[in-house]
Amino acid sequence: MTIDHSWKLAARLDELRLRARMIKAVRRFFQERDFLEVETPILIPAPAPEAHIDAVAAGGWFLQTSPELCMKRLLAAGYERIYQICKCFREKERGERHLPEFTILEWYRTNADYLTLMRDCEELIASIASEFGVSGFASRQGKLVIVDRPWERITVGDAFVRYAGMTVSEALAKDCFEEVLTAAVEPRLGVDAPVFLCDYPRELSALARLKEGEPGIAERFELYIDGMEIANAFSELTDAGEQRRRFEEASRERGQKGSCVYPLPELFLESLPQMPPSAGIALGVDRLAMLFAGRGHIDDVVAFTPESL
Amino acid sequence: MFAASDLRKGLRIKIENDPYIVTEFNFVKPGKGQALYRCKLKNMVNGNQFERTFRSVDMFETADLQENKMQYLYHEGDKYCFMDNESYEQVFLTEDQVGEAKNFLLDNIEVEILLFENKPLGISVPNFIDVIVTSAEPWARGDSVSGNTKPVTVQTGYQLQVPPFIEEGEKIRIDTRTGEYITRVKG
């Protein structure tokens, strides 16, 4: 049976134009701030072991789930400000906001922490908005304003109490952290303006530095806009011994639930002692395009989905 | 057996011996957290609906449903009448049981009627049907080569988006699983 595919592709023209313009604005933003655009391999021997992120196997190696480890090796080698826009792959992630192959923007700064990255986010997204000549966009609640800064910051602990009426420890003890987060907390985040959800429990932040004086809390934030997770950032963990222990812990957890256990990224671990205090962030380019295009489904902002191939 | 990652809208599963149909499905996953599969389920026997969130470790059995080939005859008010191709017995489904399949019920179309302990519960229509477009805005040629789709109504009363070149009176093929336009059918 012949199927007309071209008309669907043709119908995406407006969204694809917007997306291209957005990516151009992103590149200009980082060039103006003296960030070096880099490319790192998509095919890698050892993805960072994380309990709930599955890599796609390819030719005995793996497709990257994020460019994080190579980006950090560049930091360790002395690069101070780098960014990359690339494809990442995560097995079986498919939904209204997920594609198994998606586009990530990552940027890293040495001698910075996650607070600097919050300012970067505010400036980057405001600068994209000014490229489009808008101060915000239509949201579920009507209008969402992004140009008024700084954006609200709320800790994971406060957000759970405020929106779910339970503490994070209760949620973790009852083994329902993700269920409560996605059903009760996320939909309330970034409704009128973007919000940073910050200071995650240590066990949910495999590569993040712990907060001074609060050993149970990691310096990690997620940016939420209109109830959607847009970016994830850390003050990077630079203690190689601690990083190895966390990788081993994640690998053990993967093994216990029958997931593929990856070789440890030894060269990354070897380079970690040379990495200065740094901060890094991954932002979902497709999701940002969804927001600026006013579309509720990730399929609406890409030309092809796996199902259309 | 199904895993939670196999769940999708329209799938029928067994929970505590009752057949359920997934009426809404959404994959949810906080970046670093575990994947969740949020479903609305409808008990196919008593119609009770509820929402439930599953994790990837959850497994399901297929619902024990019998499927008989039947022909669609007519509908009257809330009742849809079908005739069994072998026994010539007539069965009735409510509009609610027919669900979205009502958009694709062409006269005399052959469908599968789902039976649970000999009671009709639901319907499966063929994956593809060819229908005539009964109403469409004319296409202003040269208007734009790009971009747009337009809504049309087909002979079953169903409305959908199609490429702008589709005209009234033409035949098109629809994927009944997604409700989407597939292609123009010549002749």
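Only the coordinates and a few stated rules stand behind these numbers; no lab work does. The structure presented is a predicted model; accordingly, all values stated were derived computationally and were not measured. Here the Cβ is made from the backbone with ideal geometry for all residues, glycine too, and neighbour counts use every protein chain on show.
Descriptive notes on the structure:
- Neighbouring partner chain Cβ atoms per residue of A:179-188, average, 10 Å criterion: 3
- Efficiency of FRET from Cβ geometry, B:Leu73 and A:Glu307, R₀ 35 Å, rounded to 0.05: 0.50
- Of A:Tyr262, B:Tyr158, B:Tyr88, the sequence from fewest to most neighbouring Cβ atoms within 10 angstrom is B:Tyr88, B:Tyr158, A:Tyr262.
- Shielding score for A:89-95, defined as the mean number of other chain Cβ atoms within 10 Å: 4
- Rounded FRET efficiency, nearest 0.05, which uses the C-beta distance separating A:Val261 from A:Ala20 and R0 of 45 Å: 0.70
- Which of A:Ser271, A:Ser278, A:Ser169 has the fewest Cβ neighbours within 10 Å, and the rest in rising order: A:Ser169, A:Ser271, A:Ser278
- Shape of the stretch A:64-217, Cα gyration tensor, a/c cut at 1.5: rounded
- Taken over the stretch B:128-185, the alpha-carbon convex hull comes to 72 cubic angstrom per residue.
- Measure of compaction for the stretch A:14-142 (Cα Rg per 2.2 N^0.38 Å): 1.18
- Take each residue of peptide B:177-186, count the partner chain Cβ atoms within 10 Å of its Cβ, and average: the result is 2.
- What separates the Cα centres of the stretch A:49-69 and the stretch A:148-217 is a distance of 26 Å.
- Convex hull (Cα only) mean projected area of chain A, reported in nm² to one decimal: 17.3 nm²
- Amide hydrogen neighbours beyond the local backbone of A:Leu189, cut-off 5 Å, H modeled: A:Gly227
- Structural size metrics of the stretch A:38-90, computed from C-alpha coordinates, are Rg and Dmax of 11.5, 33 Å.
- Our Cα-only numbers for the stretch B:2-62 put the radius of gyration and Dmax at 11.4, 39 Å.
- Approximate spin-label separation B:Ser124-A:Leu115, in nm, with each point projected 7 Å along Cα-to-Cβ: 6.1 nm
- Among the listed pairs A:Lys72/A:Lys211; B:Lys69/B:Lys102; A:Lys92/B:Lys102; A:Lys87/A:Lys143; A:Lys8/B:Lys14, those beyond 26 Å (Cα-Cα): A:Lys92/B:Lys102; A:Lys87/A:Lys143; A:Lys8/B:Lys14
- Kirkwood-type radius of the stretch A:66-107, with distances r between different C-alpha atoms, in Å: 11.5 Å
- Kyte-Doolittle mean at least -0.5, axial Cα span of 18 Å or more - DSSP H helices of chain A: A:13-32, A:114-132
- Computed over the alpha-carbon atoms, chain B gives an Rg to Rh ratio of 1.04, Rh here being the Kirkwood radius from the mean inverse distance.
- Cβ-based exposure ranking for A:Glu236, A:Glu253, in which fewest neighbours within 10 Å come first: A:Glu253, A:Glu236
- On full extension, the segment bounded by A:Asp239 and A:Gln141 gains 31.0 nm, given 0.36 nm per residue less the C-alpha separation.
- A:Glu80-A:Val134 FRET efficiency (beta carbon distance; Förster radius 45 Å; 0.05 resolution): 0.90
- Computed over the protein assembly as shown, the per-residue total of -39500 (n - 2.57) for DSSP H runs of n ≥ 4 gives a 222 nm mean residue ellipticity of -6000 deg cm²/dmol, rounded to 500.
- Karplus (6.51, -1.76, 1.60) ³J(HN,Hα), θ = phi - 60°, over the stretch B:159-173, in Hz, Gly and Pro reported as x: 10, 8, 8, 9, x, x, 7, 6, 10, 4, x, 7, 9, 10, 9
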